[in-house]
Each structure stands twice: as structure tokens, then as C-alpha cells.
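Only the coordinates and a few stated rules stand behind these numbers; no lab work does. It should be emphasised that the depicted structure is a prediction, and the values quoted were computed from it without experimental measurement. Cβ atoms come from the backbone with ideal geometry, glycine included; neighbour counts cover every protein chain shown.
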Amino acid sequence: KQIVMSGIRPTGFLHLGNYFGALRNYVRMQDEYECYFMVADLHSLTTHPDTKELKGHVHRVLAENIASGLDPDKAALFCQSHVRETSELYLYLNMLAYKGELEKTPTFKDKVRLQPDNVNAGLLTYPVLMAADILLHRAALVPVGKDQEQHLEIARTYANRFNHRYSDVFPEPQAFNFGQALVKVPSLDGEGKMSKSENQNATLYLADSDDVIRKKVMKAKSDSGPTELNSKKPDYIENIFLLMSLVSGKDVIEKFEADYNNCTIRYGDMKKQLGEDMVKFIAPIREKAESIRTDEKYLKEVMEKGAEKARKSANATMEQVREHMGLVY
Ligand code: TYM
């Protein structure tokens, strides 16, 4: 079986981007592959040093994984900090990671802009820790959204450097979406992507109530409609169609496509339809997650079982790593 690994940071409420970029594929992969899915609590410390809300967020992310269809008996579902071998591999990989390269990573530059008073070394070496998460299980496939593409490239670089300097231990991990382009779920305001922390009114969260979902969708950026037959769609209108393609039926989408091309489209109607389809999609996940989230005893069992599986896989890798690095005396 091929090995699959991925993770989500517990820094806030999960949203539609997390679902379509990651969670949906976790569920689709769990039957066929050996899967390791984790809550990246250590990564969250690079941006959220205050841990008051961390436990609640960890529980939420676990619950939303399970509510999306992930079966903890099939995939290992665990918490990053419960697998201490991660820190050891992170240390070794740091010696293969160059400061100049890390400083050029776009996500690092973004973070420096967002938190100029806390440019900590963990932020700089964020991609090293992520590479450690993946390489620790010698994973070949990593289901992620488009925004993680560069991090995967960095992980491949470290895998290759290690293999060259010492000996072949790691496969080259690939970002995975069943042969399709990686997903980027756009935000509703026509600017950028949905995200856990930025522009919350333009992001649909898996925990949003039906009314909140309808209101956010109705406020999505649009205009008064096309004036020329078969014209090119502006980006923000493309986005609405893209969101519709995720949750609405084919016939509905074809109807609005035709209306667009004929210049008879009414965005109010389209958004109303999209709002209802979003509610139908999100409500069952929200309700399921809500009941799982508060069952701490169950979540603890899940986490412990997952960590045990993950540690077993991690230990097997680390024995090889230490041996090939020449650290066995
Ligand atoms: P994070 O927590 O930001 O996001 C979790 C997953 O959701 C995807 N995603 C999106 N996909 C499509 N459209 C969007 N708008 C969107 N927003 C988020 C992300 O691509 C990701 O798959 N560094 C990672 C966490 C991590 C990890 C790992 C991932 C830590 N170690 C090892 C894979 C393997 C992160 O911050 O994801």
C-alpha cells in the first residue's frame, strides 16, 4: 500500500477550503492507502503562541475530520505533538535546510508581513517541520490544497538531499488530488482564498449556521450582469461558478451558464440557489461535528490510538535515519 500523510493546523474554524482541498480527499483515500492524518498543533505555535484556546481547536479539528467521513479505524488520526520523533527528524533536516532558501519561501514572507513583532525561528523553519511530518512516515502522497504546493517542493528537496548525502531512505512526496489540479477554494469577496483567519465574512466555515451561510453567500461579490453575449467572466463571477461546481447539481450549473451566455442571468437568483445548496452540504457536517466535539473521552481514545500507529511508523523510519546518518555507535 502507498503511504499517505497530511495535516491541518488547529488555529481556528475549518472552512470549505480545508474540506475541498484536504478533508474530502482524506476520506476518498482511507480505504486504499495507509493513511496518517494529523492535527498540526506544533505548527500552530509559530503564529499562535497563546495556547488558551488550543485544546478546543484540537478537538474541533478532530471532530470535523470525523464528521467529514474520516474513519479513525482506517486512517491514523493523531496529534502532531504526540509523536516526539517528529522533533528529532526536524532537527536533522534543519542541517539540510539553508537559511537563504527558507527566507525566500512565499509563506514566510507573508507571515513576516502579518506578524512583524514575532518573526521567530519556528516561522522560518516551518517548511522543515512540515517536511519532517511527511518524511517521518516515508509518505509518497500528500493530499493538500494549492496553497501547500511550495511546501511540498521543499519537502522533496530535503528528501533528495538526505538521500544523496547519506543513503536512500525517503521517497519524493507528491501533492495529491487524484491527478487533478490542486484545489484553491476562493473567498466570497473576489479576493484570494478562503482562510481560517482572514476575511471571515468571505469564508464559509463548516460550523456556520444555516442563516450565516445564506447571508455570506448573498453578499458574495457580483455585478449587474454581462452586457455582451458569450463574454468572458470576471474573476469574482468565475469564483461563484466554481463554488457552485463544488456543491450544486450539474443541471443547475448548466442553467446558470446558459443564462450568463445569454445575458439573462440574475445573480440574486444564482446566489440564492448556491446558498441553499451550501446549507444542504454544510449542515450535516456541522451537526455531526457538534456532537463529536464535546465527547472528550471518545476523542482522547481516537488520538491515543492514532498516535500509537503513527509512532510505530515513525520509529521504523527513525531507526533507518539514525543508522544511515551514522549515529549508531
Ligand atoms: P492549513 O491548516 O492551512 O490547511 C489545511 C489544509 O487545507 C487546505 N486549504 C485549502 N485548500 C483549498 N482552498 C483553500 N482556500 C484552502 N485553505 C486551506 C490546505 O492546502 C491544507 O491541505 N502546513 C499545513 C499543515 C501541515 C501539513 C503537514 C500538511 C503541517 N504538516 C504535513 C500536509 C503534510 C497547513 O498550514 O495547512
Quiz item: For q = 0.06, 0.08, 0.14, 0.15 Å⁻¹, what log10 I(q)/I(0) does the chain give under the Debye formula with an equal point scatterer on each alpha carbon and no solvent?
Solution: -0.23, -0.41, -1.12, -1.25
Quiz item: Of all the Cα-Cα pairs you can form in segment 200-289, what percent are over 15 Å apart?
Solution: 58 percent
Quiz item: Which peptide among 186-195, 211-220 comes first, and what is the full order, when sorted by highest mean count of other Cβ atoms within 10 Å?
Solution: 186-195, 211-220
Self-check item: GNM result for the chain, Cα springs below 10 Å: residue of Ser87, Ser224, Ser291 fluctuating most strongly
Solution: Ser224
Quiz item: Hey, how many Å between the Cα centroid of segment 43-60 and the Cα centroid of segment 176-237?
Solution: 27 Å
Self-check item: Within a Gaussian network of the chain (alpha carbon springs, distance under 10 Å), most fluctuating of Asp251, Asp277, Asp295
Solution: Asp251
Practice problem: Have a look at Pro173, Pro226, Pro143 and tell me which one the Gaussian network model of the chain (Cα, springs below 10 Å) gives the largest fluctuation. | Solution: Pro226
Self-check item: Dipole magnitude (debye, nearest 20) for the chain, charges at Cβ of Lys, Arg, Asp, Glu
Solution: 260 debye
Exercise. Just rank Asp133, Asp71, fewest to most, by other beta-carbon atoms within 10 angstrom.
Key: Asp71, Asp133
Quiz item: Which chymotrypsin sites (Phe, Trp or Tyr not before Pro) does segment 247-282 hold that lie in a coil by DSSP with at most 10 other beta carbons within 10 Å?
Solution: none
Quiz item: How high is the relative contact order of the chain, in percent, counting Cα pairs under 8 Å that sit 6 or more residues apart?
Solution: 24 percent
Quiz item: Straight-line reach from Lys184: which aspartates and glutamates have a Cα under 19 Å away, not including same-chain ones fewer than 8 places off?
Solution: Asp110, Asp147, Glu149, Glu153, Glu198, Asp235, Glu238
Quiz item: Within a Cβ distance under 11 Å of Leu136, other residues only, what is the Lys/Arg minus Asp/Glu net charge?
Solution: 0
Quiz item: Helix 54-67 versus the longest principal axis of the chain: what is the Cα-based angle in degrees, 0 to 90, to the nearest 10?
Solution: 70 degrees
Quiz item: What are the semi-axes of the equivalent ellipsoid for segment 72-164, taken as the square roots of 5 times the Cα gyration tensor eigenvalues, largest first, in whole Å?
Solution: 22, 16, 14
Self-check item: Folded to 0 to 90 degrees: helix 296-325 orientation relative to the chain principal axis, Cα
Solution: 50 degrees
Practice problem: Show me 27-38, 159-170, 111-122 ranked by packing, highest mean number of other Cβ atoms within 10 Å first. | Solution: 27-38, 159-170, 111-122
Quiz item: Could you name the lysines in cross-link range of Lys297, using Cα to Cα under 27 Å and dropping any fewer than eight places away on the same chain?
Solution: Lys52, Lys55, Lys74, Lys196, Lys288, Lys305, Lys309, Lys312
Quiz item: Once the Cα atoms of helix 85-94 and of the chain are each reduced to a long axis, what angle between those two axes, in degrees from 0 to 90 to the nearest 10, is obtained?
Solution: 90 degrees
Practice problem: Return the calculated 222 nm mean residue ellipticity for the chain, to the nearest 500 deg cm²/dmol, obtained by summing -39500 (n - 2.57) across DSSP H runs with n ≥ 4 and dividing by the residue count. | Solution: -16000 deg cm²/dmol
